[in-house]
Amino acid sequence: FADYRLYELGDDLRYIDWNVYARLDRLFLKLFRAEEDLSIYILLDNSVSMDFGEPTKLECAKRIAAALSYIGLASFDRVSIHTLSNRVTPIVPLTYGKTQFAKLSKAIEEIGREQGTTDLTGSLKRFVTNTRRPGVALIISDFLDMSGYEPGLKLLLSRNFDLTVVHLLSDEEMDPRFSGELRMEDAETGQSKEITLNEQALVSYKNRLNIFCESLKRFCLNRGVTYIRFNNRMQVEPFVLQDLRRIGFIR
């Protein structure tokens, strides 16, 4: 509902407010504002780095995607799912109606880990190229991409997408519980390096991780992008129903 105006000959009688007529003895027509259904694009990172932690970051991302998909469909919005790794892969096209949730949920459950290195910017460029209708874009990722994420996010904003970032990290990444002489291997490139992980090295690692997280957060906030951090040990239900509601992402 938007407003009233006086009835004019030829107007649709279904929109007359008869309660107002009973009080004022004048015919008023109710005016309504048309609301388009939103297009919600859930972009889920399924690169190798997401297959880490217990539960894995990928499993958490899939649960978040499923919960938000249900909310979108129940709100009569259109929801689609894409995966991001070294390419963008459409999993479910824009889908409408709560009855489609079972199909969409099954497709999310079947998402597996991709091989190769992460290319978020390249994937987002291809997503924008293939998407004609802008809407809400929700990216769920650890953003661990050596080539950088900024150009891809800037491109989405330039194409009028309403962007939200869920920065997903594992407890094992944030607070490693191992030390000593170690041989570390990059899960995506296969490159390895022998290191001594002592208290000083752990402090340096945590400082650099914090700088990385704060840099992404600052980049988002400076551009009006909603930034949310999620830990793999957090429960999805209170995160979606309380945290996302508190910041206004869902109502």
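A few notes on this one:
- Hits in segment 60-101 - residues which are among the basic types (Lys, Arg), more than 22 Å from Gln235 (Cα to Cα) and out of contact with any strand residue (DSSP E or B) (no Cβ under 6 Å at 6 or more places or on another chain): Arg87, Lys98
- Within the option set Thr164, Thr95, Thr117, being among the polar types (S, T, N, Q) and in a loop (DSSP other than H, G, I, E, B) holds for one residue only, Thr117.
- Scanning segment 140-180 for residues that are among the acidic types (Asp, Glu), over 16 Å from the mean Cα position of the chain (by Cα) and surrounded by 15 or more Cβ atoms within 10 Å (Cβ to Cβ) yields Asp145, Glu172, Glu173.
- Residue in segment 126-139 that is outside any loop (DSSP other than H, G, I, E, B), of a type in the set (Phe, Trp, Tyr) and open to solvent by less than 10 Å² (accessible area, probe 1.4 Å) present: yes
- Scanning segment 189-208 for residues that are open to solvent by 100 Å² or more (accessible area, probe 1.4 Å) and either touching a helix residue (DSSP H, G or I) at 6+ places or on another chain (Cβ under 8 Å) or aliphatic (A, V, I, L, M) (or both) yields a total of 0.
- Boolean, Glu36 is open to solvent by 60 Å² or more (accessible area, probe 1.4 Å) and either touching a Cys at 6+ places or on another chain (Cβ under 8 Å) or modelled with pLDDT of 95 or more (or both): no
- Selection status of Val236, within 14 Å of the chain's Cα centre (by Cα), closer than 25 Å to Pro55 by Cα and modelled with pLDDT under 90: yes
- Here is the figure for segment 210-251: residues that are assigned to a helix (DSSP H, G or I), under 20 Å from Asp145 (Cα atoms), open to solvent by less than 60 Å² (accessible area, probe 1.4 Å) and touching a strand residue (DSSP E or B) at 6+ places or on another chain (Cβ under 8 Å) total 3.
- Any hit, segment 43-55, residues being at pLDDT below 95, part of a loop (DSSP other than H, G, I, E, B), in contact with an Asp or Glu (Cβ under 8 Å, 6 or more places away or on another chain) and loosely packed, with under 11 Cβ neighbours inside 10 Å: yes
- Among the conditions (1) out of contact with any strand residue (DSSP E or B) (no Cβ under 8 Å at 6 or more places or on another chain); (2) in contact (Cβ under 8 Å) with a residue 12 or more places away in the chain, Glu110 misses just one, which is (2).
- Arg87 being within 21 Å of Asn160 (Cα to Cα) and open to solvent by 10 Å² or more (accessible area, probe 1.4 Å): no
- Neighbours by Cβ (under 8 Å, 6+ apart or cross-chain): first from segment 35-61, on the phi > 0 side of the Ramachandran plot; second polar (S, T, N, Q): Gly53/Ser170; Gly53/Asn232
The values are calculated or read from the model by the stated rules, or taken from the named source; none is laboratory data. Predicted model only: the values in this text are computed from it and were never measured. Positions of Cβ are generated from backbone atoms using ideal geometry, with glycine treated the same way; all protein chains shown enter the neighbour counts. Heavy atoms of the whole protein, side chains included, go into the accessibility calculation; ligands, DNA and RNA do not. Shrake-Rupley method; radii C 1.70, N 1.55, O 1.52, S 1.80 Å.
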